[in-house]
């Protein structure tokens, strides 16, 4: 405990130095801006800014990127409430009730509960990260390749099979990502795979390129193809203020949302969708104002999911920092930022780069305070961003996409590839394929392959090693449960419904 | 928001084509996998194992997608947002902007290539909104807007962050 305190104070000393404070502030402000703007998410923004890793020191750039990640969550809720176009998957649920509240002239209260709830959840979750991440890192050191492979299998399963509409389309997306990850040099034997004689493919396809292609270029093309005539009406804002009654209804929802969100962020099960939906369902069930849900907008329906979202986002830092396993697209990009510095994310990170880790954690506390200030009194400023006409906004995004992709290794070939992946993104969006599995698959694929092969090598060439080691067998069991449980529930539900129908008929 | 009524998922023919494309990607992966030696060493699993697995699963997924498409369409599908029909010409302007950028960035430099990309893309996006192209005046405005975005970005990254974006002049300011 004493040790923890010393580390954290050391982290604060680093994070509160002039330059790092400036990076945190710029990150938070930029994050809020891109969160508010439709079409740009934190993943793409961090991806486009990755070239700065060539010049800026690792601690400063991680603080900067984390600020963007966090800020986008705050900003995203503003857009959800005022425009009903969620910028992020995690703020989808916020849009449900928040937009209704705004329609009925309570946008101010919705914005306030979202921002304060985000602050509350973000801070509590950061405390939990501070307490648990070092413990988990100590434990993670004992894990070998078989356990890592099983953990990654779990991440693959949840990101492709559980999230999203259809397991089949999720699996297809995941394997497209795995296929992309195969291009280039094999990590273990150095064997060249799938380069088709193109020298640019030797180093593999960059995660940044795929993320920028899928999200930035794909989004721009999609807007040109299909969304030109979609009109959006913006709600008026009103005063950002909550009454006593609204405070009383928000606080329990924040606490429950945080409790739901954090565990989901920590387990390598990815995504903020499940906890935000769960929180929404819980609030709806527990609320004493059920009639407001779906009609005039219930404040609990904004407060709970917003808290769950931010707690989950903070929670994703735990598997990222302690295991080196990203469970969201943005976490995957943060992992490639670390890789750019030659820093191996994983349990050793807490010993080898302890300065960076603790400065990052300390900056989260600072960032949350900055974001509360940026988003409560200054919300009117960000809302002005929504007035930027769509055409120059999306065309401008292409310029930043060029910086991110071309700046990586100065190759015009990458720009053509980016366009091709943008087209893939359009098809995937049109046919309702989830895109997150592609990015997670391509970044985790090569790592999982290496762990699989090393694992089998440990077992002397036998696959039994995955079942014989208790931890890895346990994880395989979890994978099976994650895969089978939802189907079993559905089947049982369907059977019960049939029985009841039969009884009613008879 | 009026679009929500006419939203429609792409038809079964297109869904089938997407499935076929997935099978084709799997086929290409399998072809590539056959060229990778299986030399496993101590591991028991060679560098060609995962490629074969990925190829097989992709073909399987593709075939399943085709089956779903032929038997009533993809399951539990959310209708996509936006108009039911694609505006190909507008998108072509945008894609043209990216291609022009890729083709010219080394010869005319980052700033000018990106300005051109911006001009083409913004024209396409405005076309998609059903607005006119605005004539020579609008072209000039777009050029200036593009320049005002591209040039500061270039200076920020090249001068401050020492990134190597190509310039047209020797001094590297443009």
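Go through the residues of segment A:168-186 one by one and say whether even a single one is farther than 30 Å from residue B:37 by Cβ, in contact with a helix residue (DSSP H, G or I) (Cβ under 6 Å, 6 or more places away or on another chain) and either within 11 Å of chain B (Cβ to nearest Cβ) or modelled with pLDDT of 90 or more (or both).
Within segment A:168-186, one or more residues are farther than 30 Å from residue B:37 by Cβ, in contact with a helix residue (DSSP H, G or I) (Cβ under 6 Å, 6 or more places away or on another chain) and either within 11 Å of chain B (Cβ to nearest Cβ) or modelled with pLDDT of 90 or more (or both).
With respect to residue B:81, determine if the residue is under 25 Å from residue A:423 (Cβ atoms), part of a loop (DSSP other than H, G, I, E, B) and facing chain A (nearest Cβ under 8 Å).
yes
Name the single residue, out of those in segment A:189-200 being in a loop (DSSP other than H, G, I, E, B) and on the phi < 0 side of the Ramachandran plot, that is farthest from the other protein chains (Cβ to nearest Cβ). Reasoning before the result, please.
So in segment A:189-200, the residues in a loop (DSSP other than H, G, I, E, B) come out as A:189-191, A:194-198.
Next, only the ones that are on the phi < 0 side of the Ramachandran plot stay: A:189, A:191, A:195, A:198.
Working: A:189: 5, A:191: 4, A:195: 9, A:198: 13 Å.
If we take residues in segment A:189-200 being in a loop (DSSP other than H, G, I, E, B) and on the phi < 0 side of the Ramachandran plot, then A:198 is farthest from the other protein chains (Cβ to nearest Cβ).
In the list B:22, B:30, which residue meets the criterion of being assigned to a helix (DSSP H, G or I) and more than 9 Å from every other protein chain (Cβ to nearest Cβ)?
B:30
Would you mind finding the one in B:120, B:89 that is touching a helix residue (DSSP H, G or I) at 6+ places or on another chain (Cβ under 9 Å), assigned to a helix (DSSP H, G or I), more than 7 Å from chain A (Cβ to nearest Cβ) and surrounded by fewer than 21 Cβ atoms within 10 Å (Cβ to Cβ)?
B:89
Being closer than 22 Å to residue B:150 by Cβ, out of contact with any strand residue (DSSP E or B) (no Cβ under 8 Å at 6 or more places or on another chain) and more than 8 Å from chain B (Cβ to nearest Cβ) is the requirement here; does residue A:408 meet it?
The answer is yes for residue A:408.
Name the residue, out of A:397, A:343, that is assigned to a helix (DSSP H, G or I) and modelled with pLDDT of 85 or more.
So the residue among A:397, A:343 that is assigned to a helix (DSSP H, G or I) and modelled with pLDDT of 85 or more is A:397.
Going through A:453, A:429 one at a time, which residue ends up being touching a residue at least 24 places away in the same chain (Cβ under 8 Å) and under 30 Å from residue B:45 (Cα atoms)?
From the options A:453, A:429, the qualifying one is A:453.
Based on what the data block shows, is residue B:104 more than 7 Å from chain A (Cβ to nearest Cβ) and either within 23 Å of the chain's Cα centre (by Cα) or modelled with pLDDT of 85 or more (or both)?
Criteria met by residue B:104.
Tell me which residues, restricted to segment B:45-71, are within 17 Å of residue A:180 (Cα to Cα) and facing chain A (nearest Cβ under 7 Å).
Selection gives B:47, B:50, B:51, B:54, B:57, B:58, B:61.
Taking residue A:401, is it surrounded by 24 or more Cβ atoms within 10 Å (Cβ to Cβ), closer than 30 Å to residue B:108 by Cα and more than 8 Å from every other protein chain (Cβ to nearest Cβ)?
Yes: the conditions hold for residue A:401.
Out of the residues in segment A:201-231 that are surrounded by fewer than 17 Cβ atoms within 10 Å (Cβ to Cβ) and over 22 Å from residue A:452 (Cα atoms), which is farthest from the other protein chains (Cβ to nearest Cβ)?
Of all residues in segment A:201-231, those surrounded by fewer than 17 Cβ atoms within 10 Å (Cβ to Cβ) come to A:202-203, A:229, A:231.
Next, only the ones that are over 22 Å from residue A:452 (Cα atoms) stay: A:202, A:229, A:231.
Values: A:202: 15, A:229: 6, A:231: 7 Å.
My answer is A:202.
Can you confirm whether residue A:127 is surrounded by fewer than 21 Cβ atoms within 10 Å (Cβ to Cβ) and in a helix (DSSP H, G or I)?
So residue A:127 passes the test.
Which residue is surrounded by the most Cβ atoms within 10 Å (Cβ to Cβ), if the candidates are limited to segment A:41-62 and must be within 18 Å of residue A:329 (Cα to Cα) and more than 14 Å from chain B (Cβ to nearest Cβ)?
A:47
Would you pick out the residues in segment B:152-174 that are in a helix (DSSP H, G or I) and more than 10 Å from every other protein chain (Cβ to nearest Cβ)?
Correct list: B:152, B:155, B:159.
For residues that are facing chain B (nearest Cβ under 8 Å) and either farther than 18 Å from residue A:156 by Cβ or surrounded by fewer than 20 Cβ atoms within 10 Å (Cβ to Cβ) (or both), tally how many sit in segment A:438-453.
0
Would it be correct to say that residue A:26 is touching a residue at least 24 places away in the same chain (Cβ under 8 Å), within 24 Å of residue A:213 (Cα to Cα) and in a helix (DSSP H, G or I)?
In short, no.
With the condition kept exactly as written, say whether any residue in segment B:44-51 is surrounded by fewer than 17 Cβ atoms within 10 Å (Cβ to Cβ), without any contact (Cβ under 8 Å) to a residue 12 or more places away in the chain and closer than 30 Å to residue A:464 by Cα.
In the first step, residues of segment B:44-51 are kept if they are surrounded by fewer than 17 Cβ atoms within 10 Å (Cβ to Cβ); the result is B:44.
If we keep only those that are without any contact (Cβ under 8 Å) to a residue 12 or more places away in the chain too, we end up with B:44.
Still in the running and closer than 30 Å to residue A:464 by Cα: B:44.
Yes, segment B:44-51 contains a residue that is surrounded by fewer than 17 Cβ atoms within 10 Å (Cβ to Cβ), without any contact (Cβ under 8 Å) to a residue 12 or more places away in the chain and closer than 30 Å to residue A:464 by Cα.
The values are calculated or read from the model by the stated rules, or taken from the named source; none is laboratory data. Predicted, not measured: the structure shown is a model, and the values here were computed from it. Virtual Cβ from ideal backbone geometry, glycine too; neighbours counted across all protein chains shown.
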